[in-house]
Amino acid sequence: MTELTLKQANQIIETALKKGQELGFNPLTVVILDAGGHMKAMQRQEKTSIARREIAEGKAYGTLAMGFGGRELQRRTQKGTPLFLGAISDATGGRMVPVPGGVLIKDAGGNIIGAVGISGDLSENDEICAVAGILAAGLVPDTGDPL
């Protein structure tokens, strides 16, 4: 299995932030976690609100914790029972943010090597930037929907 490098993580962040600027999105915060859920890299643009790092990390963490992208995580939590959702929240210390903008990073063999979480604009726009960053690093994004 491939390991996510710091160079790849920085490429993902650089491209994601550039994409957001090109599209006129609000300032973004980007968090990259490795396959073990440890922060590999993080950057926040000027004028992002104070909780954006935690939200971005929660988006990335949720995808790693469950093994599928943010869109699928959102679908499953919307269909789930309050007991199930409460159990997941308790089990993860409330760290999961089940919405788009959390994207798994896979290698060419389909192995999960990390995740990106972005927060700052609409979740769907955050996801656009995450996908652009992952592709620019030569890796495979998994949003929870087929690309």
Review point. Whose amide H sits under 5 Å from the amide H of Val97, counting only residues 5 or more places off or on another chain, with H placed in the peptide plane?
Key: Lys59, Gly62
**Study point:** Leu85-Asn10 pseudo-label distance in nm [points 7 Å out on the Cα-to-Cβ vector]
**Key:** 4.1 nm
Check your understanding: log₁₀ I(q)/I(0) of the range 17-74 at q = 0.25, 0.27 Å⁻¹, via Debye over equal Cα point scatterers, no solvent, to two decimals?
Key -> -1.04, -1.10
Check your understanding: Within straight cross-link reach of Lys40, meaning Cα distance under 20 Å, which lysines are found once same-chain residues fewer than 8 apart are removed?
Key -> Lys7, Lys18, Lys59, Lys106
Exercise for review: Could you give the spread of the C-alpha atoms of the range 47-118 along their three principal axes, from largest to smallest, in whole angstroms?
Suggested key: 37, 35, 18
Review point. For semi-axes √(5λ) of the Cα gyration tensor in Å, the listed values are (i) 22, 18, 13; (ii) 29, 17, 11; (iii) 27, 18, 15; which was obtained by calculation from the structure presented?
Key: (i)
**Study point:** Note, ³J(HN,Hα) from phi for the range 105-114, Karplus 6.51, -1.76, 1.60, rounded to Hz, x at Gly and Pro
**Key:** 10, 10, 7, 4, x, x, 7, 6, 10, x
Exercise for review: Could you point to the residue in Leu85, Ile134, Met66 farthest towards the positive end of the chain's charge dipole, with +1 and -1 charges on the Cβ of Lys/Arg and Asp/Glu respectively?
Suggested key: Leu85
**Study point:** Within the range 6-140: Cβ-based charge dipole about Cα centre, in debye rounded to nearest 20 (Lys, Arg +1; Asp, Glu -1)
**Key:** 80 debye
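Throughout, read-outs are computed from the coordinates displayed, never taken from laboratory work. On a predicted model such as this, the values are computed, not experimentally measured, just so you know. For neighbour counting, all protein chains shown are included, and Cβ atoms are generated from backbone atoms with ideal geometry for every residue, glycine included.
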